[in-house]
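Beneath this line is the structure, given in structure tokens, with notes to follow.
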Ligand code: IPE
Ligand code: IPE
Ligand code: MG
């Protein structure tokens, strides 16, 4: 796998606009499994296996940051065996894939709450993050026990704790207190699984993100569809509230 972030290595055509940061709501694992008569956890397992080839495709295009929504603050409300199964799958994935990601120059960053994860999962996450923190390739933000509202509240708490003067609290200061402080806002948010909602993902950061929804269930999202998603992004006119000069 070659996962490099430099845009000089991008395979996309010169005219194609490539998102710098792609964030993905990886939804539909349970339905994917159910359709096949398999337990839901099998869907989560296959869903994690899809990540590597997805990163290769995005990286080859010149994408520099990828944020994957893997487990929300609300997902704790699922049945205990599913929650424990997902935690195990993440642990296994970190154990098995961290070294290969490191060799491919990927920087792994956890975004979300760490304290509610099991000690061994916390350790694996910290190890992956510390091992890869100096890497200069694609940044992979793993949103695990992540909630946009929780992130905003946590930022407010820390700003108060730091006794930041009121006049210093502006957008730039606020974003530096978010879990995603090291990444630019996502240019493109993809949701698989057909739902048309944000489900508490990147609430602050998505202010001007482009959205792409697809009914494809996460484990079925392949490189061809991802290419089409990127083409769709390239055709979008982003105005950020302004009027286009040619309009
Ligand atoms: C997304 O797949 C993964 C997590 C939320 C952990 P789901 O488990 O939500 O799959 P569906 O939506 O039930 O098909
Ligand atoms: C969103 O999926 C969270 C993740 C993909 C991790 P959900 O399946 O939890 O979202 P809802 O419940 O359909 O809104
Ligand atoms: Mg779902």
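Data table
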{"item": "Per residue, the convex hull volume that the Cα atoms of segment 28-99 enclose (Å³)", "result": "106 Å³"}
{"item": "C-alpha center-to-center spacing [segment 81-115, segment 125-174] in angstrom", "result": "18 Å"}
{"item": "Neighbour-count order for 234, 209, fewest beta carbons within 10 angstrom listed first", "result": "234, 209"}
{"item": "Scattering curve values for segment 61-102, log₁₀ I(q)/I(0), Debye with Cα scatterers, q = 0.30 Å⁻¹", "result": "-1.05"}
{"item": "Packing-based order for 34-47, 113-126, using average beta carbon neighbours within 10 Å, highest first", "result": "34-47, 113-126"}
{"item": "Ordering of 98-110, 20-32 by packing [mean C-beta count within 10 Å, highest first]", "result": "20-32, 98-110"}
{"item": "Equivalent-ellipsoid semi-axes of segment 150-224, from the Cα gyration tensor, Å, largest first", "result": "32, 12, 10"}
{"item": "Kirkwood Rh in Å, taken over all unlike Cα pairs in the chain", "result": "18.9 Å"}
{"item": "Mean shadow area of segment 198-247, taken as a quarter of the surface of its Cα convex hull (nm²)", "result": "4.9 nm²"}
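Here, each number is a calculation from the coordinates, and none is a lab measurement. All figures in this text were calculated on a predicted structure; none of them were measured in a lab. Glycine gets a Cβ as well: all are built from the backbone with ideal geometry, and neighbour counts include every protein chain shown.
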